[in-house]
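Shown next, in structure tokens, is the structure this report addresses.
The values are calculated or read from the model by the stated rules, or taken from the named source; none is laboratory data. Since the model is a prediction, treat every value here as computed from it, not as a measurement. Counting neighbours? That spans all protein chains shown, and the Cβs are built from the backbone with ideal geometry, glycine included. Side chains included, ligands, DNA and RNA excluded: accessible areas come from the protein's heavy atoms. Shrake-Rupley method; radii C 1.70, N 1.55, O 1.52, S 1.80 Å.
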Amino acid sequence: MPNDTVIPETTVDIALIEAHIRDVPDFPREGILFKDITPLLNHRKAFAASIDALAAPYRGMGVDHVVGLEARGFIFGTPVAMELGAGFVPARKAGKLPSETIGQAYDLEYGTATVEIHADAITPGSRVLIVDDVLATGGTGRAAVELVRRAGGTVVGFSVLMELSALQGREKLPDVELHTLLSV
Ligand code: AMP
């Protein structure tokens, strides 16, 4: 399926979710407008609504694994995995996972970073949903897609709470079904 932001029909209150994301200017450094999801996590209804909305398009799609991107993708990805009856796979920064890993490097503004999963985490032939909080430049998401495919999985989608559209991250994911709840 092509790159697609259409929010599926749902009873989820997107405005309630948006109202609980806090903008923090100049964090972690000057010029960055940080999207702080901690008020959302601490609001029972808004948090539940966000999990429901992230999972909704993938119900009944036979998702075997949800890959969550460190660190906030863990918080959203684990309940989404529970909702979908899937396993959860953490994608971590290099050197954090204890067993044998596969890694994928990606470019940062300065230098590169690597995202890793355990080499045995994705069953070859399985269906995989990737989850994160914010899609910014798309570098992390792109690396995660490559990792899942190298592990033999099929990426059925990338479900993200918020897309920072000015950074054009979706252009790095033209071959992925992208589901974003909010675009700012
Ligand atoms: P990117 O690889 O540029 O798409 O960055 C994605 C990762 O960086 C996500 O895991 C986000 O959690 C984090 N991130 C990037 N920009 C922001 C921002 N303005 N506010 C909050 N998190 C961000």
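With the requirement that a residue be outside any loop (DSSP other than H, G, I, E, B), out of contact with any Leu (no Cβ under 8 Å at 6 or more places or on another chain) and farther than 13 Å from residue 88 by Cβ, what does segment 117-132 give you?
127
Output the residue which, of all residues in segment 137-184 that are among the small types (Gly, Ala, Ser) and open to solvent by 60 Å² or more (accessible area, probe 1.4 Å), is nearest to the ligand (Cβ to nearest atom).
Selected residue: 166.
Tell me which of these residue 174 doesn't satisfy, since it passes every other one: (1) part of a strand (DSSP E or B); (2) touching a Pro at 6+ places or on another chain (Cβ under 9 Å); (3) under 28 Å from residue 18 (Cβ atoms).
(1) is the only condition that residue 174 fails.
Among the residues of segment 89-131, write down those that are in contact with a strand residue (DSSP E or B) (Cβ under 6 Å, 6 or more places away or on another chain) and open to solvent by 50 Å² or more (accessible area, probe 1.4 Å).
If the condition is that a residue be in contact with a strand residue (DSSP E or B) (Cβ under 6 Å, 6 or more places away or on another chain) and open to solvent by 50 Å² or more (accessible area, probe 1.4 Å), then 92, 94, 99, 105, 112, 127 are the ones that fit.
With 86, 46, 81 as the choices, which residue is within 22 Å of residue 180 (Cβ to Cβ), open to solvent by less than 40 Å² (accessible area, probe 1.4 Å) and over 17 Å from the mean Cα position of the chain (by Cα)?
46
Of everything in segment 106-148 that's among the hydroxyl-bearing types (Ser, Thr, Tyr) and over 11 Å from the mean Cα position of the chain (by Cα), which residue is nearest to residue 85 (Cα to Cα)?
This residue is 126.
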